[in-house]
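Readers should treat all values here as calculations from the given coordinates under stated rules, not as data from a laboratory. Just so it is clear, the model here is predicted, and its values are computed rather than measured. All Cβ positions, even for glycine, are placed from backbone atoms using ideal geometry, and neighbour counts span all protein chains on display.
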């Protein structure tokens, strides 16, 4: 796996110092996703950071599924998470864990808190508990059950586990400080009743630990040395530390926070992404317009480009939004070097060469990559009936338009010069065919010099195909800037065209990426493409057209 050298960010500095001082002999990190949705580009930063640090410092990185809520978690998400991480180029080896594997230990530790007067069973409903929590300026209100005898709480907690009570009848709360300026320390709920089978643990449990109780303790059980979290967990760290101080944990991890990853023209919330899927705004979690790793993979992004992008953006303590243009530019830089060139006409317009010998086809030798002669050449059939891009013709050409127009001469790329003599229109006035003459002496660059060069595909040998042109899913850099993020959806985020491809593309294999000359980078859709019915996705355009739009204020 090739990844650019990682910058020496503040987290790597801490890790290096801990190893140099002898505080740790081995670095152990973890990537702990909740299996309640698909991973997105924001998770890629955490994956690259955790697995990358373990790799750089000769340690190990665990994959742990923090599966504490069976109401939202599914086995398919677990499988998708593993597939995404492997696709990015990382492997946890034998270190695959589940928070649910620790449910018995966590339960015993909850009893430990009760026995030491640090937790109690509260029979108030969730709305009352929430209302009593207080605000940033007002302290919380103590529960009437806060001083319940520990023997009584212990008995009720054991009966909760035995399934005697319905959902919501009572909860177990940590007994900390209802006047704490940190709301997370105001007697947080650490166990709730939920009569629902667990995707991994089965039907063993009807009470489940809250995420904040299970997360830090799972790190402690696994011997994690550096718990790397995004900044929203900074206010949770005092709570995690309180648990570590008051439980017989075998190890004490160090939590380090870094800035959350945000990307322009994108939403990162799993809840919002789920809404897009459930409301049919996209075709699924792997829709190529989605910021999910499965969506980026289906779009045609390479794992190496995402790793390079994450290395470029780095790790910081302060938040901000990264321009999606940088992600696209990173991909372009890679594909420009690696993707073979092919010719494809996305919006075909017929061009007939009137002085071409009837029935004649000649092979035209074309380089597979103009900058890499070692990739060789191929032969493309050329005849008297061709397809060209409709945008390469103007009946009344504007200034600085150097492509085809009535009476104008252009070069057909790698082939001959042609002059447009006649424009054929249908009954509605739409141009349907151009009749041109070719110069037999212009092959191979001979003949007159012309400013315009356009690409083409043989009408006789071209391969019909469906081509999907993807763009930003949202029309605003911040989709939530004007309220509901759905109002910012880009109606032009997907255009499907019936294109014609040069014959070599009919044999395109799974995973092959190409530059369609003058059109962008494309690859066969991993699900819908078939040799007899080709479907290609545009991975990224040749340039960032959105930058021009923004400068104009449009």
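Of all the Cα-Cα pairs you can form in segment 176-237, what percent are over 19 Å apart?
Tail fraction, whole percent: 48.
Mind checking the log10 I(q)/I(0) for segment 42-110 at q = 0.15 Å⁻¹? Debye, one equal scatterer per Cα, no solvent, two decimals.
Normalising to I(0) and taking log10 leaves -0.58.
Compute the long axis of helix 41-56 from its Cα atoms, compare it with the longest principal axis of the Cα atoms of the chain, and write down the angle in degrees, 0 to 90, nearest 10.
70 degrees
Based only on Cα atoms, what mean projected area does the convex hull of segment 344-455 have, in nm²?
8.0 nm²
If one puts a single equal scatterer on every Cα of segment 411-554 and applies the Debye formula without solvent, what log₁₀ I(q)/I(0) results at q = 0.15 Å⁻¹?
With no solvent term, the Cα-only Debye profile gives -1.02.
Could you calculate, for segment 103-209, the ratio of the Cα radius of gyration to the Kirkwood radius, expressed as Rg to Rh?
Radius of gyration relative to Kirkwood radius: 0.98.
Over every pair of different alpha-carbon atoms in the chain, take the mean of 1/r and invert it; report that Kirkwood radius in Å.
27.6 Å
Please state, as a whole number in µm²/s, the translational diffusion coefficient that the Stokes-Einstein equation yields for segment 231-363 at 20 °C and 1.002 mPa s, with Rh defined as the Kirkwood radius across alpha carbon pairs.
Rounded, D is 108 µm²/s.
Which order do the peptides 43-56, 141-154 come out in when sorted by mean C-beta neighbours inside 10 angstrom, highest first?
Ranked from most to least packed, the peptides come out as 43-56, 141-154.
Remind me, what semi-axes does segment 129-183 give for its equivalent ellipsoid, largest first in whole Å, using sqrt of 5 times each Cα gyration tensor eigenvalue?
26, 13, 8
If every alpha-carbon in segment 81-165 counts as one equal scatterer, what log10 I(q)/I(0) does Debye give at q = 0.20, 0.23 1/Å?
With no solvent term, the Cα-only Debye profile gives -0.96, -1.15.
Highest first, please rank the peptides 382-392, 413-423, 350-360 by the mean number of other Cβ atoms sitting within 10 Å of their residues.
Packing proxy ranking, top to bottom: 382-392, 413-423, 350-360.
Taking the mean number of other Cβ atoms within 10 Å as a proxy for protection, how do you rank 326-334, 516-524, 162-170 from highest to lowest?
516-524, 326-334, 162-170
Segment 309-361 to segment 488-549: how many Å between their Cα centroids?
9 Å
What ratio of Cα Rg to 2.2 N^0.38 Å holds for segment 1-134?
1.34
Which percent, to the nearest 5, of DSSP beta bridges fully inside segment 344-455 are antiparallel?
DSSP beta bridges in segment 344-455 are roughly 75 percent antiparallel.
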